[in-house]
Amino acid sequence: MNAAVRIVQYVVLGILGVLVAAAGAVVQDGWFPGGLILALAGCVGLFYGGSQLTRNRLGAAVPTVLWFLTVMYLSVTRPEGDFLFAAGLGPYIYLLGGMAVGVICATLPRQTPPGAPGARLGTG
């Protein structure tokens with residue numbers, strides 16, 4: 001695959017990571033518990049889909065890192081007193097669950113496609 005195409009894929013996955021984090025931050029507490037499930041499902045879809053799209057672990061790691069940075073930025077209380085994450089069980093589950101899903105998707109072992117030769121000498 002062309003290097004320019006791969007870079008564009010990572011940039012798009014990073015942008016989607018920011019968007020999923022922002023949307024999940026709004027939805028997860030608004031429609032508890034359905035919104036929390038929806039927000040975590042969006043994380044799973046993005047992180048796993050990114051790893052499958054790029055066929056490597058970096059495809060899950062890039063959106064995970066940008067998702068985490070966005071969630072951390074949104075969780076800071078503003079000087080005017082506004083905040084997006086309330087102190088409660090839902091935001092903590094969203095934060096820890098999203099991080100866990102990102103780590104799981106970024107560390108899943110790669111499976112060889114059916115019919116591909118084995119990695120060991122003398123097989124395949």
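Readers should treat all values here as calculations from the given coordinates under stated rules, not as data from a laboratory. Keep in mind that what you see is a predicted model, and the values were worked out from it rather than measured. When we count neighbours, we look across all protein chains shown, and the Cβ atoms used for this are built from the backbone with ideal geometry, even at glycine.
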Roughly what would the spin-label model give for residue 56 and residue 32, points 7 Å off Cα along C-beta, in nm?
4.1
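For the pair residue 44 and residue 87, what calculated FRET efficiency results from E = 1/(1 + (r/R0)^6), where r is the Cβ-Cβ distance and R0 = 25 Å, to the nearest 0.05?
On the way: r = 25 Å, r/R0 = 1.01.
Working from the Cβ atoms, E equals 0.50.
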Sites residue 15 and residue 104 - FRET efficiency at Förster radius 22 Å, r taken between beta-carbons, to 0.05
0.50
3J(HN,Hα) from dihedral phi, region 6-23, Karplus parametrisation 6.51/-1.76/1.60, rounded to Hz, x for glycine, proline:
5, 5, 4, 4, 5, 5, 5, 5, x, 5, 5, x, 5, 5, 5, 5, 5, 5
Of 54-64, 4-14, ordering from highest average Cβ density within 10 Å down gives 54-64, 4-14
Separation of region 1-33 and region 86-105 by C-alpha centroid, Å?
15
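Subtracting the Cα-Cα distance from 0.36 nm times the residue separation, let me have the gained length for residue 77 to residue 4 in nm, one decimal. Present the calculation step by step, with values, prior to reporting the outcome.
Details: separation 73, 0.36 × 73 = 26.28 nm, distance 3.85 nm.
22.4 nm is the gain from fully extending residue 77 to residue 4.
Express the C-alpha Rg of region 1-70 as a ratio against the empirical globular expectation 2.2 N^0.38 Å, rounded to two decimals.
So the Cα radius of gyration is 1.15 times the expected 2.2 N^0.38 Å.
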